[in-house]
Each structure stands twice: as structure tokens, then as C-alpha cells.
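Data first, discussion second: the structure below is written as C-alpha cells.
The values are calculated or read from the model by the stated rules, or taken from the named source; none is laboratory data. Fair warning: this is a prediction, and the values are worked out from it, not measured in the lab. A quick note on method: Cβ atoms are made from the backbone with ideal geometry, for glycine too, and the neighbour counts reach across all protein chains shown. Areas reflect the complete protein model, heavy atoms only, side chains present, ligands, DNA and RNA absent. Shrake-Rupley method; radii C 1.70, N 1.55, O 1.52, S 1.80 Å.
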Amino acid sequence: MINALTNAQLFHKISALLTGFSEAEIMATGMLEAYYNTVLANSEGDDVEYFFLNVEQILYEKEESRESAIAMQLMPNSSYSGLARNIIILWYTGNWGNNPVSSAAYIQGLMWDSGYTHPPGAKQPGYGSWANVPISAR
């Protein structure tokens with residue numbers, strides 16, 4: 001059972017559920033606080049507060065029904081001004097709308113891990129790594 005989680009903790013948990021990455025993987029990006037602050041700074045008034053109340057209710061549900069609750073309650077564009085969709089885009093691309101959050105956000109974007117690659121110009125795989133068979137071809 002969940003006991004009085006802060007909005008920052010709820011953001012961490014819903015980020016994992018929305019992206020398909022674990023809470024540990026989300027934390028390992030180092031972007032949790034920056035992204036949480038981005039959401040707060042760019043969300044309309046009560047939308048973010050009601051969004052986190054809804055997230056807390058969803059987390060109380062049985063694990064097998066969470067996915068459908070997220071799909072029905074958080075994912076429609078009309079729900080909380082598309083906040084869930086914007087959070088997904090934020091984690092994958094490091095952008096809020098058309099605005100990059102930071103250079104670190106670009107480097108830590110989940111799209112790179114999802115594609116089994118690295119961001120051009122950053123997080124290079126190392127000398128000679130081109131000689132290894134790509135993960136998806138193994």
C-alpha cells in the first residue's frame with residue numbers, strides 16, 4: 001500500500017509506468033528532478049495537481065488494471081491538457097514541446113536506449129566497438 005507519496009515521488013512512479021522503463025532506470029538518467037521541475041513550470045494551474053491525485057488513485061489499483069486505468073484516464077489528449085503524453089515525450093526526447101530542456105536531457109533521452117544506440121556526439125560506445133555485432137542482430 002502507498003502511504004502519502006509526494007508529487008515528486010508520484011512523478012517518478014508514473015514516469016516508469018508511462019515509459020516502460022523501471023524506476024531505477026528512470027533514476028539513473030539523472031533527469032528526474034529537472035523533468036519534474038519542467039512539468040511543474042509548464043503545466044497549467046490545477047491540471048498538474050489533479051493529475052497527481054489521479055496518479056495516486058491509479059497506483060492504489062491492482063497492478064493488472066493499472067495499464068487500462070492509465071490508458072483511459074491519463075492518455076486522452078483532453079486529460080490534464082495532454083500532460084501524460086508530454087511527460088512521455090519529455091523522457092524520450094528531452095524536450096518539452098519544441099523546447100529542449102538542456103543538453104543533458106538530449107544525452108539522457110530514453111530514445112537512445114530504446115534504439116540500442118547512443119546520442120550522436122555523446123556517450124560514445126568506445127574504440128573498436130564497431131567490431132561487435134549489434135544487440136538486435138544477435
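Structure notes:
- Here Tyr92 meets the list (1) exposed (fewer than 12 other Cβ atoms within 10 Å of the Cβ); (2) assigned to a helix (DSSP H, G or I) almost entirely, failing just condition (1).
- Figure legend. Inter-residue proximity from the stretch 4-26: first residues within 14 Å of Ile89 (Cα to Cα), second residues open to solvent by 70 Å² or more (accessible area, probe 1.4 Å), beta-carbon distance below 7 Å, spacing 6+ or different chains. Indicated pairs: Ala16/Glu23.
- Qualifying residue in the stretch 49-72 (condition: in contact (Cβ under 8 Å) with a residue 24 or more places away in the chain, in contact with a Phe, Trp or Tyr (Cβ under 6 Å, 6 or more places away or on another chain), closer than 20 Å to Gln9 by Cβ and in a helix (DSSP H, G or I)): yes
- Of all residues in the stretch 55-89 being of a type in the set (Gly, Ala, Ser) and open to solvent by less than 10 Å² (accessible area, probe 1.4 Å), the one that is farthest from Ser114 (Cα to Cα): Ala69
- Residues satisfying the stated conditions in the stretch 108-117, i.e. part of a loop (DSSP other than H, G, I, E, B) and open to solvent by less than 50 Å² (accessible area, probe 1.4 Å): Gly109, Gly115
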